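Novice: Take a look at the following structure, please.
What follows draws every value from the coordinates through simple rules; no lab data is involved. In this text the structure is predicted, and so the values were computed from the model without any measurement. When we count neighbours, we look across all protein chains shown, and the Cβ atoms used for this are built from the backbone with ideal geometry, even at glycine.
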Amino acid sequence: MTAGAERRAAPRAGKDARRRAREVAVQMLYQWEVGRSSIDEVLQTFWLHDQPLTDTLPEEQRAFAAGLAGGVVAEARNIDPVIAEAAEHWRLERMNVLDRLILRLAVYEFLHRPDTPARVIINEALELARTFSNDDAVRFVNGVLDAIRRRLGRE
């Protein structure tokens, strides 16, 4: 491998790890919401299960995933009205659980991760929707997040 190829591969590895961390955060949030576990319990027990996705996740990305999941839960009361306002004709409780969790995660990042560009947040949310849901969900998540991005003035 040439030095140039190594430099190009390194940022990609970081992006892949961040994407996997977001996937883990969605899984944690699913366990919290559907399993009716406290987020503290989820964060304590999540890593105890053998899961191919998480076994190779570096400690820094594990902390990133846990921070995202914990932040979403802590801020859900502030996040949900933002989603409800942008998702015209959709009540949060009627949304697909995974779509709702993906939206919450993205809105949390919009509000609390100003260092992450809006286009990255939206692209990551769309990849999560492709992974955990379907094509209709991808279009739905994209439309809602674009409306929220415009409303928040995020670029």
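Novice: Under the classification rounded if a/c is under 1.5, otherwise prolate if a/b is larger than b/c and oblate if not, where does the chain fall, given a ≥ b ≥ c as square roots of the Cα gyration tensor eigenvalues? Write down the numbers at each step before the final one.
Specialist: Details: a/c = 1.84, a/b = 1.23, b/c = 1.50.
Judged from the Cα gyration tensor, the chain comes out oblate (a/c at least 1.5, b/c at or above a/b).
Novice: Show me, for the range 144-149, the HN-Hα J-couplings you get by feeding each phi into the Karplus relation (A = 6.51, B = -1.76, C = 1.60, θ = phi - 60°), rounded to Hz, glycine and proline as x.
Specialist: With the stated coefficients, the range 144-149 comes to 5, 5, 5, 5, 5, 4 Hz.
Novice: Please arrange Arg104, Arg18 by how many other C-beta atoms lie within 10 Å of their C-beta, fewest to most. Kindly include the intermediate steps, with their values, before the conclusion.
Specialist: Working: Arg104 26, Arg18 17.
Sorted ascending by nearby Cβ count, the order is Arg18, Arg104.
Novice: Please grab the % of Cα pairs in the range 100-139 that end up more than 17 Å from each other. Let's see the in-between values first.
Specialist: On the way: 185 of 780 pairs.
In whole percent, the long-distance tail amounts to 24.
Novice: Return the single residue from Arg22, Arg94, Arg130 with maximal mean-square fluctuation; model: Gaussian network over the chain, springs between Cα atoms under 10 Å.
Specialist: The residue that fluctuates most here is Arg94.
Novice: Separate question: Dipole size in debye (nearest 20) for the chain around its Cα centre, Lys and Arg Cβ +1, Asp and Glu Cβ -1?
Specialist: Working: 23 positive and 24 negative charges, 98 e Å.
The dipole of the chain has a size of about 480 debye.
Novice: Kindly provide the helix-only [θ] at 222 nm of the chain, computed as the sum of -39,500 (n - 2.57) over DSSP H runs of four or more divided by all residues, to the nearest 500 deg cm²/dmol? Don't skip to the answer; put the middle values down first.
Specialist: On the way: 7 runs with 120 residues, N = 155.
Mean residue ellipticity, 222 nm, calculated: -26000 deg cm²/dmol.
Novice: Most exposed first by the Cβ proxy, i.e. fewest other Cβ within 10 Å, how do Leu103, Leu68 rank? Let's see the in-between values first.
Specialist: Numbers: Leu103 27, Leu68 23.
Lowest count first: Leu68, Leu103.
Novice: Assuming a ≥ b ≥ c are the square roots of the Cα gyration tensor eigenvalues, decide whether the range 64-155 counts as rounded (a/c under 1.5), prolate (otherwise, with a/b larger than b/c) or oblate. Could the numbers behind the result be given before it?
Specialist: Details: a/c = 1.19, a/b = 1.19, b/c = 1.00.
It is rounded, given that a/c, with a ≥ b ≥ c, falls under 1.5.
Novice: Something else: Take Arg119, Arg19 and order them by how many other Cβ atoms sit within 10 Å, fewest up front. Walk me through the numbers before you get to the answer.
Specialist: Working: Arg119 11, Arg19 16.
Going from sparsest to densest Cβ surroundings: Arg119, Arg19.
Novice: What are the GluC sites (Glu not before Pro) within the range 52-110 that DSSP puts in a loop, where the Cβ has at most 11 other Cβ atoms within 10 Å? Don't jump to the answer; show the numbers that get you there.
Specialist: Numbers: sites: Glu59, Glu60, Glu75, Glu85, Glu88, Glu93, Glu109; in loops: Glu88.
Counting only loop positions with at most 11 other Cβ atoms within 10 Å, the GluC sites (Glu not before Pro) in the range 52-110 are Glu88.
Novice: Same structure, new question: For the range 3-152, calculate the relative contact order in percent as a whole number, restricting contacts to Cα pairs under 8 Å that are 6 or more residues apart. Walk me through the intermediate numbers first.
Specialist: Numbers: 125 pairs, mean separation 33.7, N = 150.
Relative contact order for the range 3-152 comes out at 22 percent.
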